[in-house]
1. With the dipole of the chain worked out from charges on the C-beta (+1 for Lys and Arg, -1 for Asp and Glu) around the Cα centre, which of V138, P44, Q177 lies farthest toward the positive end?
2. Suppose R0 equals 41 Å; then what is the FRET efficiency for A26 and E161 from their Cβ-Cβ distance, rounded to the nearest 0.05?
3. Once you order the gyration tensor axes a ≥ b ≥ c over the Cα atoms, which shape class does the stretch 36-149 get: rounded for a/c under 1.5, otherwise prolate or oblate by comparing a/b with b/c?
4. Using a 10 angstrom cutoff on alpha carbons, build the Gaussian network for the chain and name the most mobile of L124, L150, L190.
5. Roughly speaking, what is the stretch gain from L190 to K59, that is 0.36 nm per residue apart minus the C-alpha to C-alpha distance, in nm to one decimal?
6. Dipole magnitude of the stretch 10-194 about its Cα centre, charges +1 at Lys/Arg Cβ and -1 at Asp/Glu Cβ only, in debye to the nearest 20?
7. Given labels modelled 7 Å from the Cα in the Cβ direction, how far is it in nm from R9 to E123?
8. Top mean-square fluctuation among A193, A129, A169, Gaussian network model of the chain, C-alpha springs under 10 Å?
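Values quoted throughout were computed directly from the atomic coordinates according to the rules given, and no laboratory measurement underlies them. Given the structure is predicted, the values throughout are model-derived calculations rather than measurements. Methodologically, a virtual Cβ is constructed for each residue, glycine included, from the backbone with ideal geometry; neighbour enumeration extends over all protein chains shown.
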Amino acid sequence: MNPLFESPRLRLAPPDPETDAAIESAWTHDGAYLRLVDTAPARPLSPSQVKKKYEQLEKEKEKDFYFAVRLREKPVEGPEGLGRLIGFVRLFWVDWMHGAARLNLGIGAPADRGQGYGSEALELILRYAFEEMGLHRVAAEAAAYNTGALRFLERHGFRVEARRRQAVARDGQRWDQVMYGLLRSEWEALRAAAAVPAGLAAPQSNGAQGG
């Protein structure tokens, strides 16, 4: 049994305001990063503003689950030996009655992107959402200009559920906002398929009849 909040390379943990605020503040001064994680107008934050955000998230922890994504490095770095901060993952607008929540995820520094950390963090947060929180559906969205995010979501089983035409203004253009959803049954089917060794997969019929 894998630890709930750990993967081979990552650990999910609460943010540490004293050390993480300055790091996350630096991310918010990177316009490319902000374009990846949010469609709202870019708004750089100071370390004190990031701390206030953490405080607000703590007050809303029954419906907003925010985790720092850290590397499990050796030697271990970071506050209390938790590891270097590389990003965040968040489940928010949690609707306990309908078993649904929204998802957002970001990897901060350019050097840490494209390393597969996002996929590991997504696997951890989906396992938490479906197996521990008992949710039935997780939703996410991305602007059409963010082709990397669209491919990422679709590669991990999310399906397009709706599209708001030209809902996002960016760089003098109008872009669609694409809404995705992933059901617990779909996630379980993907996990089961991934667990079957390739050579043991059931043979597929090509429709021809043997003679």
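1. Towards the positive end, the residue furthest out is Q177.
2. Using R0 = 41 Å, I get an efficiency of 0.75.
3. Details: a/c = 1.29, a/b = 1.23, b/c = 1.05.
In terms of gyration-tensor shape, rounded.
4. Evaluated over the chain, the most mobile residue of the options is L190.
5. On the way: separation 131, 0.36 × 131 = 47.16 nm, distance 3.46 nm.
Here the segment from L190 to K59 would lengthen by 43.7 nm.
6. Working: 28 positive and 27 negative charges, 114 e Å.
Taking the Cα centre of the stretch 10-194 as origin, the dipole is about 540 debye.
7. For the pair R9/E123, the computed spacing is 1.1 nm.
8. Judging by the Gaussian network model, the answer is A193.
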